[in-house]
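Report on the following structure.
The values are calculated or read from the model by the stated rules, or taken from the named source; none is laboratory data. In this text, all values refer to a predicted model and were calculated from it rather than measured experimentally. All Cβ positions, glycine included, derive from the backbone under ideal geometry; neighbour counts span all protein chains shown.
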Amino acid sequence: MNDRTDELRSAVAAGVLAADEQFGRLLRSIFGARASSIMLLDPDTEELVFAAVSGEGERELVGRRMPASTGVAGWVLSSRTPLVLEDVQSDPRFARDVAEKTGYVPKGLMAAPLLDEELALGVLQVLDRPQRSRFTLQEMELLGLFAGQAAIALGLLRSAQRARAALDAKGDVAAVAGVASALDALEGSRRAAGVSLLRDLEQVLRQD
């Protein structure tokens, strides 16, 4: 487990984002699961959107939407609480009809919210084991850690996208100053992630 844990931590350090296709495959590999999914909240429609899927349903699910209040994912999002279910069928939060529409009904799962401070961005899910072994507390803690780091990266990415949109719309130098001020207030891993994303944004702007 330690080697795979180090691999996951390295992915966080490298700035892997929650909507990245490789991220979904990495999650499934780390936890030995049948499938993994990353759902992001669309605040305009109050829906969760499958942004990345690996394993069962990966070809059909990306882009599919479901009400943000539905099922286990909806509960994790609204409660902002990680959850482990070894038998989803016996849990009242499980929406079997929604699962059937995805083409895969899990037996057990782990889920963690993507939280950027107080803002809920989405949900990570890891589904089933090939041999039905139980998810461990260490794995749950690891999933929560990665969800937190991925949410920070997503939040910073969205800030960079808003800054670029402001520049495109108004050419306002004040937008740049605002981003610089926000970055200056960050510390530790959030600051490092912000610097990395701004460098990526600079490269994109130079290409346009």
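Could you check, for the stretch 124-147, whether at least one of its residues is farther than 22 Å from residue 32 by Cβ, touching a strand residue (DSSP E or B) at 6+ places or on another chain (Cβ under 9 Å) and modelled with pLDDT of 80 or more?
Taking the stretch 124-147 and keeping what is farther than 22 Å from residue 32 by Cβ, we get none.
No; the residues of the stretch 124-147 include none that is farther than 22 Å from residue 32 by Cβ, touching a strand residue (DSSP E or B) at 6+ places or on another chain (Cβ under 9 Å) and modelled with pLDDT of 80 or more.
Output the residue which, of all residues in the stretch 31-71 that are in a helix (DSSP H, G or I) and in contact (Cβ under 8 Å) with a residue 40 or more places away in the chain, is nearest to residue 151 (Cα to Cα).
Looking only at the stretch 31-71, we keep the residues that are in a helix (DSSP H, G or I), and these are 31, 58-61, 71.
Filter once more, keeping what is in contact (Cβ under 8 Å) with a residue 40 or more places away in the chain: 31, 60-61.
Values: 31: 19, 60: 25, 61: 21 Å.
Here the residue is 31.
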In the stretch 76-98, which residues are in a helix (DSSP H, G or I) and buried (at least 18 other Cβ atoms within 10 Å of the Cβ)? 76, 77, 88
Of (1) over 15 Å from residue 128 (Cβ atoms); (2) modelled with pLDDT of 85 or more, residue 14 satisfies all except one. Which? (2)
Hey, among 144, 63, 57, which residue is of a type outside the set (Asp, Glu), touching a helix residue (DSSP H, G or I) at 6+ places or on another chain (Cβ under 6 Å) and surrounded by fewer than 20 Cβ atoms within 10 Å (Cβ to Cβ)? 57
